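The values are calculated or read from the model by the stated rules, or taken from the named source; none is laboratory data. None of these values were measured; they are calculated from a predicted model. Reconstructed Cβ throughout: ideal geometry from the backbone, glycine too, with neighbour counts over all protein chains shown. Each accessible area value is taken on the protein alone, full model and side chains, heavy atoms only, with ligands, DNA and RNA left out. Shrake-Rupley method; radii C 1.70, N 1.55, O 1.52, S 1.80 Å.
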Amino acid sequence: IKEIDFEYDVRLSNLKTIEIYDLVTILGNALDNALESAVNTTEKKIELKTDYKNNFDVIVIKNSCDKKPFSEENMLKTTKQNKSMHGLGLKSMKNALSKYNGDFSWEYIEEEKMFILTVMIMRE
């Protein structure tokens, strides 16, 4: 058991318009990345929240992250050895989100050692 503190609040969103395959791609990759980071931290924490703001369904995933993520031109890059076999999850998420006029952004708060991924999907 990885003993990660997992909190969630998924009441204020309607993700029914997203095909199940795409929803699994988006949430699966985002949560897998959060878990991979959190398991290697001292605090070991993941938060998942959904909301509805300004005609967008919003998914926010926060996770503990002791080291600043590696990025180039604000694009996250894998730090794993076999780069050709990794780093595809975010591309898959971006492709799935593009079907719904959606996108994601990220930020790292160094003082809190917290990584925040925000996914926004436009409601029709």
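Accessible surface area normalised per residue over the chain is 69 Å², counting heavy atoms of protein chains with a 1.4 Å rolling probe.
In whole angstrom, note down how far apart the Cα centers of region 98-112 and region 13-68 are. The distance from the Cα centre of region 98-112 to that of region 13-68 comes to 10 Å. Under 15 Å of direct C-alpha separation, and excluding same-chain neighbours fewer than eight residues apart, Lys44 reaches these aspartates and glutamates: Glu3, Asp5, Glu7, Asp32, Glu36, Asp66, Glu112. The share of accessible area on the chain that comes from carbon and sulfur is 51 percent, using a 1.4 angstrom probe.
Magnitude of the charge dipole for the chain, about its Cα centre and with charges confined to Cβ atoms of Lys, Arg (+1) and Asp, Glu (-1), is about 340 debye. With the alpha-carbon atoms of the chain aligned to their principal axes, the span from lowest to highest coordinate is 39, 32, 28 Å, starting with the largest.
Please check which bits of region 87-105 a label hung off Val39 would reach, taking the label as a point 7 Å along Cα-to-C-beta and the cut-off as backbone N under 19 Å. Those under the cut-off are 87-90.
Just subtract the alpha-carbon distance of Asn95 and Asp5 from 0.36 nm times their residue separation and send over the number in nm, one decimal. Spell out each step's value before the answer.
Numbers: separation 90, 0.36 × 90 = 32.40 nm, distance 2.98 nm.
The span from Asn95 to Asp5 would gain 29.4 nm if fully extended.
For the chain, the longest principal axis of the C-alpha atoms and the axis of helix 89-98 are separated by about 20°.
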